[in-house]
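The values are calculated or read from the model by the stated rules, or taken from the named source; none is laboratory data. Not measured: the values here are computed from a predicted model. We place every Cβ from the backbone using ideal geometry, glycine too, and count neighbours over all the protein chains shown. Areas reflect the complete protein model, heavy atoms only, side chains present, ligands, DNA and RNA absent. Shrake-Rupley method; radii C 1.70, N 1.55, O 1.52, S 1.80 Å.
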Amino acid sequence: LCTQAVRIVESYSLDDLAHARKLIKKALELDETDSSAWTNLGWVYWEESVFHWSSDSEESMDKAFDAVQKAIQADENNPDCYSLLGNIFMVRDDYDQAIALCEKAVEIAPNNSFSVALLENVLVDNGRIKEGIQKMKRAIRLSPFPPGWYFNLIGVAYHLNGENEIAIPAIEHAIQRD
């Protein structure tokens, strides 16, 4: 159920997100100690907040925070928990905590492209663009089939770094992948 939900969450569609939430909640009914399910539920709420798909973005972010706390309680070695928690702190403008948490995720699973990509997101949002670009290049190398959003994030980073000749093809590639 969670594997299906992850693919749906990454579609970045409000309707798909509602379907993913149902699948994740069903998984949690079967096993309320499933760290991945709690983390994925947190990502659902994070997306609702960041994309303003809920009537109260702050409440959705609080729900994401609560879900990731349950995920960490279930498995404190799940790197995805710390990636999500880091991105929650990023949205809340606590970059020191955000970077530390995303670095912890990469420390737990150094070859997890998802964790490396989300560290890039936090670094670039904090203005550490060149470092972020290096992380995303690594994330792309680590993933046999990197999702389109990896290319979107690196494209934005290249643009912010004034390298539009590299940014444009990266973003075009992201569009083709999605």
### Message
To test your reading of the geometry: what angle, between 0 and 90 degrees and rounded to tens, separates the Cα axis of helix 148-160 from the longest principal axis of the chain?
### Response
50
### Query
Can you work out the FRET efficiency for the pair Phe51 and Ile166, with r the C-beta to C-beta distance and R0 = 41 Å, to the nearest 0.05?
0.95
### Between helix 129-142 and the chain: long-axis angle, C-alpha atoms, 0 to 90°, nearest 10
70
### Message
From the helices alone, meaning DSSP H stretches of at least four residues, give me the mean residue ellipticity at 222 nm for the chain, per-run term -39500 (n - 2.57), in deg cm²/dmol to the nearest 500.
### Response
-25500 deg cm²/dmol
### Task
Keeping all protein chains in place, calculate the accessible area per residue for the chain (probe 1.4 angstrom), answer in Å².
52
### Message
Angle check, please: helix 14-30 long axis (alpha carbons) against the longest principal axis of the chain (alpha carbons), in degrees 0 to 90, nearest 10.
### Response
50
### Message
Heavy atoms of the protein only, probe of 1.4 Å, neighbouring chains included. What is the accessible area of Met61 in Å², nearest 10?
### Response
0
#### Entry: Protein accessible area in segment 1-159, 1.4 Å probe - carbon and sulfur %
48
### Task
May I ask you to rank Leu14, Leu118, Leu142 by accessible area, largest first, using a 1.4 Å probe over the protein chains only?
Leu14, Leu142, Leu118
### Query
Taking a 1.4 Å probe, which of Asp93, Asp125 shows the most accessible area, and what order do the others take after it?
Asp93, Asp125
